[in-house]
Ligand code: 6LW
């Protein structure tokens with residue numbers, strides 16, 4: 001059977017996985033977006049369905065406003081032990097309140113998770129390890145060594161001394177540690193080289209938990225660096241043994257295009273077959289991660305697939321927002337009102353270019369080739385107030401079609417922000433309060449249009465994809481398709497009601513044929 005990578009497309013980085021019987025659970029980091037830490041479920045490792053978030057309440061997490069795409073929720077680890085799921089993670093910020101390493105736990109991964117238990121310990125990329133003797137350990141990135149400390153999960157306290165395990169093979173940023181026990185050996189898996197093009201996985205093992213750890217003679221055990229494969233930057237992996245005794249790794253990777261290569265969908269989740277019949281695991285195709293793997297080890301055909309993968313429609317009639325929608329930073333619930341069919345956004349005094357809480361909901365762009373439509377109703381009569389559809393990497397890199405009140409008139413505009421450059425490229429009086437907008441994407445352009453009175457799409461502008469890529473304007477995240485409203489200096493007087501949101505995505509390969 002063949003399967004295709006990524007198994008989860010779009011901005012789903014730093015995957016961590018655990019198995020409970022025939023069920024697999026996978027978590028991804030979420031940075032400044034809320035709710036925090038996506039959790040997905042699968043029965044066959046290839047088809048995943050989001051079942052919730054480990055952080056769904058404002059009280060669990062304080063996201064600090066400021067620089068986007070590189071603060072907030074970094075790499076989580078998920079583990080299951082004695083009937084309880086644990087998710088341990090870092091809230092990265094310059095501020096002390098609510099930042100640092102913490103864990104949450106639950107018996108029902110699709111339900112609510114506990115309040116955070118903070119662990120006063122440095123570094124990022126925390127992980128838990130449960131030894132056969134019942135002891136639990138915390139692992140994190142020191143500088144440069146990966147370190148280990150015993151933890152008392154009942155008390156929520158680190159108890160043991162800090163033990164330095166391994167500093168890797170000499171690559172930059174030894175990070176993302178996970179520990180596994182097999183055949184009497186402790187195997188330590190880490191990433192090195194940084195999350196960009198030199199990313200790699202390395203391994204070391206020891207007979208004793210505390211070490212000394214001897215590196216694998218074949219390090220790096222997995223990398224796509226300098227090969228120009230369709231999937232690049234692979235690393236930050238976690239291993240899982242399936243119910244039949246076969247091993248698999250999930251890792252992050254990117255799909256760059258153009259020259260020099262750039263990517264706009266963020267770091268995506270890949271699945272890698274692992275042959276661990278020998279002393280050391282062999283990852284993928286001789287250590288490489290391919291777009292397609294042929295394997296006879298996969299677990300039957302998928303019964304449960306995520307229909308939202310290729311197309312999605314939301315008339316916002318359900319009681320709660322679908323799990324795929326996110327907010328920027330901790331949401332201010334006063335900015336949102338649920339309508340019978342629609343969601344109403346009340347812009348605050350801020351602008352789309354402010355790295356702060358604004359009235360914004362967004363879904364990840366999951367395919368290079370996509371089409372999004374949404375209908376917006378916005379009276380828009382106070383100077384400066386604005387609402388629209390945006391393709392959004394961060395507050396400094398985004399393009400949008402919007403209704404804006406300028407000089408007392410309602411205008412349809414297309415504008416772009418690239419770094420500190422801002423430009424309105426289209427502006428036209430708009431008679432009605434209601435408009436249907438469309439955003440199409442391919443590898444070259446984001447194209448915006450609106451539905452005219454004759455039922456035809458009128459183009460209003462386009463912007464290059466390359467300026468909304470990680471290499472140009474981003475950090476650790478990928479692009480979002482966002483609906484927003486903002487007052488640009490004063491609170492909006494009118495609410496912006498969005499209805500009939502649709503998204504369709506296509507695989508790049510299919511399009512290119
Ligand atoms: C994460 C680190 C990494 O903490 O990128 O690729 C960082 N790996 O392990 C942010 O996702």
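The values are calculated or read from the model by the stated rules, or taken from the named source; none is laboratory data. All values reported here derive from a predicted model rather than from experimental measurement. Glycine gets a Cβ as well: all are built from the backbone with ideal geometry, and neighbour counts include every protein chain shown.
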Seminar exercise, completed: Reported set for the range 189-202 where residues are in a strand (DSSP E or B) and surrounded by 24 or more Cβ atoms within 10 Å (Cβ to Cβ) is 189, 190, 191, 192, 201, 202
Seminar exercise, completed: Expected single match for in a strand (DSSP E or B), on the phi < 0 side of the Ramachandran plot and touching a strand residue (DSSP E or B) at 6+ places or on another chain (Cβ under 8 Å) among 350, 363 is 363
For this session: Given the conditions (1) over 30 Å from residue 209 (Cα atoms); (2) within 16 Å of the ligand (Cβ to nearest atom); (3) touching a strand residue (DSSP E or B) at 6+ places or on another chain (Cβ under 7 Å), report the number of the one that residue 46 does not fulfil.
Result: (2)
Exercise. Which condition number does residue 114 fail, the rest of (1) under 20 Å from residue 153 (Cα atoms); (2) outside any loop (DSSP other than H, G, I, E, B) being met?
Worked result: (2)
Exercise. Does residue 219 satisfy being over 26 Å from residue 74 (Cβ atoms) and either in contact with a strand residue (DSSP E or B) (Cβ under 8 Å, 6 or more places away or on another chain) or buried (at least 21 other Cβ atoms within 10 Å of the Cβ) (or both)?
Worked result: no
For this session: Filter the range 130-163 down to the residues that are touching a residue at least 60 places away in the same chain (Cβ under 8 Å) and crowded, with 17+ Cβ neighbours inside 10 Å, then identify the one that is farthest from the ligand (Cβ to nearest atom).
Result: 153
Exercise. Restricting attention to the range 167-202, and to residues there that are within 16 Å of the ligand (Cβ to nearest atom) and under 16 Å from residue 129 (Cα atoms), which single residue is nearest to the chain's Cα centre (by Cα)?
Worked result: 176
Exercise. Out of (1) modelled with pLDDT under 95; (2) in contact with a helix residue (DSSP H, G or I) (Cβ under 9 Å, 6 or more places away or on another chain); (3) surrounded by 23 or more Cβ atoms within 10 Å (Cβ to Cβ), what's the single condition that is false for residue 68?
Worked result: (2)
For this session: Out of the residues in the range 344-387 that are surrounded by 23 or more Cβ atoms within 10 Å (Cβ to Cβ) and over 23 Å from the mean Cα position of the chain (by Cα), state the one that is farthest from residue 409 (Cα to Cα).
Result: 345
Seminar exercise, completed: Pairs returned, first residue in the range 169-196 that is under 23 Å from residue 224 (Cβ atoms), second residue that is modelled with pLDDT under 95 and more than 10 Å from the ligand (Cβ to nearest atom), beta-carbon separation under 7 angstrom, 6 or more apart or interchain, are 174/144
Exercise. In the list 37, 104, 89, which residue meets the criterion of being surrounded by 22 or more Cβ atoms within 10 Å (Cβ to Cβ) and on the phi > 0 side of the Ramachandran plot?
Worked result: 37
For this session: Answer yes or no as to whether residue 75 is within 16 Å of the ligand (Cβ to nearest atom) and not in a strand (DSSP E or B).
Result: yes
